[in-house]
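Novice: Here's a structure for you.
The values are calculated or read from the model by the stated rules, or taken from the named source; none is laboratory data. Bear in mind the structure is a predicted one, so any value in this text is a computation, not a measurement. All Cβ positions, glycine included, derive from the backbone under ideal geometry; neighbour counts span all protein chains shown.
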Amino acid sequence: MRLELGSIFIKDIQFASELKIESGTLYVSKDALRQVVLEDEKIKGVEFDIAKPGESVRITPVKDVIEPRVKVEGRGGIFPGVIAPVDTVGEGKTYALKGMAVVTAGKIVGFQEGVIDMTGKGAQYTPFSQTLNLVMVCEPVDNIKQHDYEQAVRLAGFRVAVKLGELAKDLTPDETRVYETPTIKEGFTMYPGLPRVAYVQMLQSQGLLHDTYVYGVDAKKIVPTILNPTEVMDGAIISGNCVSACDKNPTYVHLNNPVVHDLFDEHGKTINFVCQIITNENVYLADKQRSSDWTAKLCKMLDLDGVIVSQEGFGNPDTDLIMNCKKIEAEGVKTVIITDEYAGRDGKSQSLADADAAADAVVTGGNANEVIILPKLDKVIGTLDYITRIAGASDKTVLEDGSLEVELQVITGATNETGFTKLSAR
Amino acid sequence: MKRGYVIITNNPIVGGALGGKCEVIYITCTYEDILKKIRDKIHLGYRLMSHPLSGSVKPGETPYKSVMLSADANRVDMKSLSMIESAIQSCAKFNFKQDCYDGKILEDFQQVDLSLIKSGIDSAGIG
C-alpha cells in the first residue's frame, strides 16, 4: 500500500469572517465552525480561542488534540467509519495541516486532567506547546450524561478538524513524503537479508473515557488484527481516551505515531517494516489472555524477527504489556516494549504493576510521578477550577505566588508511551 | 440463573445499575481496603476475573473500585494473588485526597467505575 503524505505548513491562525488558508495563514470564521459544532443537538454552545507557542497561556482540561487532514486521492476519507463512510484508507494522497492542532477542552467530568502550557517549564514537557492551537470549549445541553457529553465533544472535534482539512484540498503541499509497504510475499523477495519487524500497538479499551475506536469500532470489541501502517495516517484509529493525560494517545498521536514513522525511516535500509498489529487492553482477564495469545500467534504467522510493543495507560495495561511481551518472546520473536513509569515522587517505587524477565528491552517515557513547578500564566483557556483535584495534584498544588506544584501526569503528552514527547535522556 | 462470578465493590451505584443480573457484594470502605478484602477472598481460593487496577483513574484519585471474582472457590490462584498484591502496592504511590471531592465529582467517579466493570461484564457475556 502506498500513501503520499503532503504537508501544508500553517504559520499563523487568525480569526476572520471567512474560513480559508492563504499564504500559510489559517483564517478561522467562528460562525462557520460554530455551525459545524452545533450540528449535534447535545451541544448548546462553543467558544473558540487561539493559543500560540510562547504565549503566556494555559489550556486545561484538554480532552483531545487533532491534526486536520484531507483525503485528496484514493479510497475513503479522513476518520473512516466515524466522519467519512467506512472504506479502507491508507493509499493514494493525503494532505495534513502541519504546525497546528485542534484542541478540544472542557470538563467532561469533574476530575478531567490535561494541561497544555504554551510557555515556561510545562511547555518543555508537552509537544502541543509547539503547535498553533485552535481550542474549542463545548458547552453541553443541561443534564447530559457523561457518555453522551464525551461522545459529542469527541465527534465535534473531528468534524471541525475535517472542515479545516478540506480547506487544503486544492493547495500545493510545501513538502511531500511517500510511505509504502509491500505485500508479505513481495517483502520477502525485496528485502531477503533484512529482519522482519512489526509494530504492536496496544489500544486503550476499558470503558467510559477509556476508549479507542478503529474504523469506528470500539477497540474493546476487536480481536488483534493487522493494519497497513499508512491506514493510521488517514485516521483509522481515533481516541476516546480522556484519562491519564500524560500517557494517553490523543488522535494527533495516532495520526503521527512516531513508532510508525521511525520504522518507515528504517524500512528497506536496516529492517523490513512488515505491518502494524493492533490489540486491546480490556479489563476482563479472559480477554487479555485471548488478545495476547492472538497477538503472539500473528507475530509467529508473519515470520517476524522482532516487534516494538507500545502500551497506553497505567495499571491494567501493564498486565497486557507483559503478557504480550512474554508470549511473543516465547514464539522466538524479539520484543522491545515502550512504557512510562509510576515510580513514586522519589522514583524509588516499582515502576509497573507487572514485570517479567522476558521484558529485557524497555524504553521509558519517564516517571509520571515526577514533581515540577508550573509558573503562573496570564491566561487560562478552559478552567483551573479542578486543578487541585486531579491526579498528580493536591490541595497544596497552588503555591503562594500562583504557581502550581504538580506531577508530570497532569501534562498532556508528558510521558507518552509511543515516544511522542519532547524530552529524552540523550 | 447462577453466574460464574460475583462483583465486589465499594461503589454504591453498582448494585442498582446491574439490576440483579449478577451477585453484587457491596462493602463500605476505601479503595485500598476493597483491594485488601479481595485479597482475603483470593486467599480463600476465589479467582480474579477482572483487573484490580482497571481504569486510568488512579488509586486514591477515585474512591471507587469494582472487581469481578469467580463465584466458586478452588485452590489458591497464584496469578490472582500476585496481581492483587501488586495492585495494593500501587496504592502507596499516589496521594489519597478523596475528602476534597464534592457530590458531583463523586458521581462522575461512580459512573466511570460502573462503566469499567460493565465492560468486563459485557465480555463475560451477559450484556
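Novice: Please specify each residue of the stretch A:7-36 satisfying the condition of being more than 23 Å from A:GLU139 (Cα to Cα), surrounded by 15 or more Cβ atoms within 10 Å (Cβ to Cβ) and among the small types (Gly, Ala, Ser).
Specialist: A:SER7
Novice: With (1) in contact with a Phe, Trp or Tyr (Cβ under 8 Å, 6 or more places away or on another chain); (2) surrounded by fewer than 23 Cβ atoms within 10 Å (Cβ to Cβ); (3) not hydrophobic (A, V, I, L, M, F, W, C) as the list, and A:GLY413 as the residue in question, which single condition is left unmet?
Specialist: Looking at each condition in turn, A:GLY413 falls short on (2).
Novice: May I ask you to verify whether A:ASP148 is within 14 Å of another protein chain (Cβ to nearest Cβ) and part of a loop (DSSP other than H, G, I, E, B)?
Specialist: no
Novice: List the strands (runs of 3 or more DSSP E) inside the stretch A:224-302, counting only whole elements, that have at least 3 residues being more than 14 Å from chain B (Cβ to nearest Cβ). Can you show your working first?
Specialist: Details: elements: A:225-227, A:237-241, A:272-281.
Fully inside the stretch A:224-302 and qualifying: A:225-227, A:272-281.
Novice: Let me ask something else about it. When you go through B:ILE38, B:ILE42, B:ILE84, B:ILE13 one by one, which is the residue that is modelled with pLDDT of 95 or more, within 14 Å of another protein chain (Cβ to nearest Cβ), surrounded by 15 or more Cβ atoms within 10 Å (Cβ to Cβ) and farther than 30 Å from A:VAL410 by Cβ? Before you say what the answer is, go through the steps one by one.
Specialist: On the way: B:ILE38 fails: farther than 30 Å from A:VAL410 by Cβ; B:ILE84 fails: farther than 30 Å from A:VAL410 by Cβ; B:ILE13 fails: farther than 30 Å from A:VAL410 by Cβ.
None of the others qualify; the one that does is B:ILE42.
Novice: For the stretch A:342-373, enumerate the residues that are under 13 Å from A:SER310 (Cα atoms) and either within 14 Å of chain B (Cβ to nearest Cβ) or assigned to a loop (DSSP other than H, G, I, E, B) (or both).
Specialist: The answer is A:ALA359, A:ALA361.
Novice: Could you list, in sequence order, all residues of the stretch B:66-83 that are more than 19 Å from A:LEU352 (Cα to Cα) and in contact with a strand residue (DSSP E or B) (Cβ under 7 Å, 6 or more places away or on another chain)?
Specialist: B:SER66, B:VAL67, B:MET68, B:LEU69, B:SER70, B:ALA71, listed by residue number.
Novice: Here's a follow-up. Within the stretch A:186-200, does at least one residue satisfy the condition of being of a type outside the set (D, E, K, R), in contact with an Asp or Glu (Cβ under 7 Å, 6 or more places away or on another chain) and in a helix (DSSP H, G or I)?
Specialist: Step one: filter the stretch A:186-200 for residues of a type outside the set (D, E, K, R), giving A:187-195, A:197-200.
With in contact with an Asp or Glu (Cβ under 7 Å, 6 or more places away or on another chain) added as a condition, the list becomes A:195, A:197.
Now restrict to residues that are in a helix (DSSP H, G or I): none.
Within the stretch A:186-200, not a single residue is of a type outside the set (D, E, K, R), in contact with an Asp or Glu (Cβ under 7 Å, 6 or more places away or on another chain) and in a helix (DSSP H, G or I).
Novice: Filter the stretch A:223-245 for residues that are within 23 Å of B:SER115 (Cβ to Cβ) and either out of contact with any Ser or Thr (no Cβ under 8 Å at 6 or more places or on another chain) or among the aromatic types (Phe, Trp, Tyr) (or both) and give the result.
Specialist: A:CYS242, the sole residue that qualifies.
Novice: Any residue in the stretch A:374-391 that is on the phi < 0 side of the Ramachandran plot sitting within a Cβ distance under 9 Å of a residue that is modelled with pLDDT under 85 and hydroxyl-bearing (Ser, Thr, Tyr)? List the pairs, counting only those 6 or more apart or interchain.
Specialist: Matching pairs, first to second residue: A:THR388/A:SER394; A:ARG389/B:TYR101; A:ALA391/B:SER56.
Novice: I'd like the residue in the stretch B:68-79 that is surrounded by 14 or more Cβ atoms within 10 Å (Cβ to Cβ) and either facing another protein chain (nearest Cβ under 9 Å) or over 16 Å from the mean Cα position of the chain (by Cα) (or both) and, out of all such residues, is farthest from A:ALA343 (Cα to Cα).
Specialist: Checking each candidate, the answer is B:ALA73.
Novice: Could you say which residue among A:ILE390, A:ILE322 is within 14 Å of chain B (Cβ to nearest Cβ), at pLDDT below 95 and either within 30 Å of A:VAL137 (Cβ to Cβ) or touching an Asp or Glu at 6+ places or on another chain (Cβ under 9 Å) (or both)?
Specialist: Of A:ILE390, A:ILE322, the one residue that is within 14 Å of chain B (Cβ to nearest Cβ), at pLDDT below 95 and either within 30 Å of A:VAL137 (Cβ to Cβ) or touching an Asp or Glu at 6+ places or on another chain (Cβ under 9 Å) (or both) is A:ILE390.
Novice: Which numbered condition trips up A:VAL153, out of (1) among the hydrophobic types (A, V, I, L, M, F, W, C); (2) touching a residue at least 24 places away in the same chain (Cβ under 8 Å); (3) within 29 Å of A:GLY268 (Cβ to Cβ)?
Specialist: Going through the list (1) among the hydrophobic types (A, V, I, L, M, F, W, C); (2) touching a residue at least 24 places away in the same chain (Cβ under 8 Å); (3) within 29 Å of A:GLY268 (Cβ to Cβ), A:VAL153 breaks only (3).
Novice: Can you pull out every residue in the stretch B:105-127 that is at the interface with another protein chain (Cβ under 7 Å from one of its Cβ atoms) and of a type in the set (A, V, I, L, M)?
Specialist: Within the stretch B:105-127, B:ILE105, B:VAL112, B:LEU116, B:ALA124 meet the criteria.
Novice: Name the strands (runs of 3 or more DSSP E) wholly inside the stretch A:1-64 in which the number of residues that are within 26 Å of A:TYR213 (Cβ to Cβ) and within 23 Å of the chain's Cα centre (by Cα) is 1 or more. I'd like the intermediate steps shown before the answer.
Specialist: Details: elements: A:2-9, A:12-15, A:20-22, A:25-28, A:43-51, A:57-60.
Of the strands (runs of 3 or more DSSP E) lying wholly inside the stretch A:1-64, those with at least 1 residues that are within 26 Å of A:TYR213 (Cβ to Cβ) and within 23 Å of the chain's Cα centre (by Cα) span A:2-9, A:43-51, A:57-60.
Novice: Could you tell me whether A:GLU312 is away from every other protein chain (no Cβ under 12 Å), modelled with pLDDT of 90 or more and in contact with a Ser or Thr (Cβ under 9 Å, 6 or more places away or on another chain)?
Specialist: no
Novice: Moving on. Would you point out the residue of the stretch B:45-67, among those that are more than 12 Å from A:VAL283 (Cα to Cα) and among the β-branched types (Val, Ile, Thr), that is farthest from the other protein chains (Cβ to nearest Cβ)?
Specialist: Here is the first cut: in the stretch B:45-67, the ones more than 12 Å from A:VAL283 (Cα to Cα) are B:45-47, B:57-65.
Next, from what is left, pick out any that are among the β-branched types (Val, Ile, Thr): B:57, B:62.
Numbers: B:VAL57: 6, B:THR62: 8 Å.
Only one residue fits best here, namely B:THR62.
Novice: Could you tell me which numbered condition A:ALA355 fails, if it satisfies all but one of (1) modelled with pLDDT of 95 or more; (2) farther than 30 Å from A:GLU405 by Cα; (3) within 26 Å of the chain's Cα centre (by Cα)?
Specialist: For A:ALA355, the failing item is (1).
Novice: Looking at the structure I just gave you, is A:GLY90 in contact with a Lys or Arg (Cβ under 9 Å, 6 or more places away or on another chain), of a type in the set (Gly, Ala, Ser) and under 24 Å from A:GLY45 (Cβ atoms)?
Specialist: Working: in contact with a Lys or Arg (Cβ under 9 Å, 6 or more places away or on another chain): yes; of a type in the set (Gly, Ala, Ser): yes; under 24 Å from A:GLY45 (Cβ atoms): no.
Spelling it out, it is not the case that A:GLY90 is in contact with a Lys or Arg (Cβ under 9 Å, 6 or more places away or on another chain), of a type in the set (Gly, Ala, Ser) and under 24 Å from A:GLY45 (Cβ atoms).
Novice: Quick check, is B:ASP102 within 13 Å of A:GLY207 (Cβ to Cβ), more than 7 Å from chain A (Cβ to nearest Cβ) and surrounded by fewer than 20 Cβ atoms within 10 Å (Cβ to Cβ)? Quick ask: steps written out before the conclusion?
Specialist: Working: within 13 Å of A:GLY207 (Cβ to Cβ): no; more than 7 Å from chain A (Cβ to nearest Cβ): yes; surrounded by fewer than 20 Cβ atoms within 10 Å (Cβ to Cβ): yes.
The answer is no for B:ASP102.
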